[in-house]
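Engineer: My questions all concern the structure below.
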Amino acid sequence: MTPPRISQGRLSSNIRTRRISIDSIIGFIVTQLEDFPTWRDVKPDQNENYYNQRLERLLQVRARKYCDAVQVGRESVYQTPGSHDVGVFPADEEGLVVRDRLFGPEQPIYTLECKRLLSTMRAERRREYLTSEKGEKPSGGVQRYKLCIHGAGLDMAGIVGYVQDEDLMAWRATINDWVGDLIARPVDKAIWDGNDRLRQHPKFKRRKKLLMSKSASSRIRPSDIRLTHFFVDLRSPRQPELALS
């Protein structure tokens, strides 16, 4: 299936109503993430905050050009105790309609949690893409959505994995192994099941520097949340690039 065209998110005289689809936002993010590993000399081997700042800047300046119905911001708090890493908001003060719901300029339409994927991380942070460990403050990317620390009022969101070693497919397999461990041995009140396993995204083909997956997570409040996973290859040039089959 062809990904949605990012021009769907532009405001112009041809659009009579200010509407946007989540697929248009995801399509916009995918297109920009392909450029992220080399955008303005992004450095390898950096920490999460460095990459989050750079990602927010890239998405914000590109939104003005390619998807000007929205704006992108960092670490905004809305309805939940935690601040999401990157959020997508209406660019216009009157807001935007998304799936027949009006979002105001202070309401995130779509949020992104961002986590490093690095095999040498400390044991207590190794599974942080998914979860913190038992007894630790909830800091896992998926865990925070499950516990409604992030994503209140949303039924779709995303997680960016900054891949710093190994390769993209290997990380998907590793994360799915961790999901199996959490199904058997949960660390808190977050409930894990087979729907949490990452599967190939049906709308986006594999790319040289980007791997897209999808999953669905149950939450402590009634409705599930559908997650899109964006693995972006940020390995040092000294390391081999992901080979396409």
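Engineer: So, for the chain, what is the accessible surface per residue at a probe of 1.4 Å, expressed in square angstrom?
Structural biologist: In whole numbers, the chain has 48 Å² accessible per residue.
Engineer: Using 0.36 nm times the number of residues separating Lys134 and Trp39, minus their current alpha carbon distance, what extension gain do you get?
Structural biologist: Gain on stretching Lys134 to Trp39: 30.5 nm.
Engineer: Modelled label-to-label distance, Ala123 and Ala173, 7 Å Cα→beta-carbon offset: nm?
Structural biologist: Distance between label points: 2.5 nm.
Engineer: Given Cβ point charges of +1 (Lys, Arg) and -1 (Asp, Glu) and nothing else, what value in debye, to the nearest 20, does the dipole of segment 59-192 about its Cα centre take?
Structural biologist: 300
Engineer: Under the definition of Cα pairs under 8 Å and six or more residues apart, what whole-number percent is the relative contact order of segment 53-164?
Structural biologist: 21
Engineer: Once label points are set 7 Å from the Cα along Cα→Cβ at both Ile220 and Tyr50, what is their separation, rounded to one decimal in nm?
Structural biologist: With each label placed 7 Å out from Cα toward Cβ, I get 3.5 nm.
Engineer: Work from the charge dipole of the chain (Cβ charges, +1 for Lys and Arg, -1 for Asp and Glu, about the Cα centre) and give the residue of Thr120, His150, Phe89 farthest towards its positive end.
Structural biologist: So the residue we want is Phe89.
Engineer: So between Lys205 and Ala184, what do we pick up on full extension, going 0.36 nm a residue minus the alpha carbon distance?
Structural biologist: That pair, Lys205 and Ala184, stretches by 4.4 nm at full extension.
Engineer: What is the magnitude of the charge dipole of the chain about its Cα centre, with +1 placed on the Cβ of each Lys and Arg, -1 on the Cβ of each Asp and Glu, and no other charges, expressed in debye to the nearest 20? Could the numbers behind the result be given before it?
Structural biologist: On the way: 42 positive and 32 negative charges, 101 e Å.
Dipole size: approximately 480 debye.
Engineer: Considering Cα pairs under 8 angstrom that are at least six residues apart, work out the relative contact order of the chain and quote it in whole percent.
Structural biologist: It comes to 17 percent, rounded to a whole number.
Engineer: Checking the table Lys43/Lys65; Lys65/Lys137; Lys137/Lys209; Lys65/Lys146; Lys137/Lys205 against a 29 Å threshold on Cα-Cα, which pairs fail?
Structural biologist: Lys65/Lys137; Lys137/Lys209; Lys65/Lys146; Lys137/Lys205
Engineer: Which FRET efficiency value, to the nearest 0.05, is calculated for Gln60 and Arg18 with the Förster distance at 25 angstrom and r the Cβ-Cβ distance? All intermediate terms of the calculation are to be shown ahead of the outcome.
Structural biologist: On the way: r = 19 Å, r/R0 = 0.77.
FRET efficiency, Gln60 to Arg18: 0.85.
Engineer: Can you give the three extents of the C-alpha atoms in segment 119-230 along their principal axes, from longest to shortest, in whole Å?
Structural biologist: That gives 37, 32, 22 Å along the principal axes, largest extent first.
Engineer: Can you tell me the Rg and the Dmax, both Å, for the Cα atoms in segment 80-176?
Structural biologist: 15.5, 46
Engineer: For the chain, which whole-number percentage of the solvent-accessible area (1.4 Å probe, protein heavy atoms only) is attributable to carbon and sulfur atoms?
Structural biologist: Ligands and nucleic acids excluded, carbon and sulfur give 47 percent.
Engineer: Restricting to DSSP H runs of at least four residues, report the calculated mean residue ellipticity at 222 nm for the chain, -39500 (n - 2.57) per run over all residues, nearest 500 deg cm²/dmol.
Structural biologist: So the calculated ellipticity at 222 nm is -7000 deg cm²/dmol.
Engineer: Among (i) 1.11; (ii) 0.98; (iii) 1.05, only one was calculated for this model; which label is it, if the read-out is Cα Rg over 2.2 N^0.38 Å?
Structural biologist: Matching entry in (i) 1.11; (ii) 0.98; (iii) 1.05: (ii).
Engineer: Moving to a separate point now. How much net charge surrounds Ser119 when only other residues with a Cβ under 12 Å from its Cβ are counted (Lys, Arg +1; Asp, Glu -1)?
Structural biologist: Computed value for this residue: +3.
The values are calculated or read from the model by the stated rules, or taken from the named source; none is laboratory data. Please read these numbers as outputs of a predicted model, since none were measured by experiment. With ideal geometry, Cβ positions are generated from the backbone for all residues, glycine too; neighbour counts draw on all protein chains shown. Note: accessible area is taken over every heavy atom of the protein model, side chains too, but ligands, DNA and RNA are not part of it. Shrake-Rupley method; radii C 1.70, N 1.55, O 1.52, S 1.80 Å.
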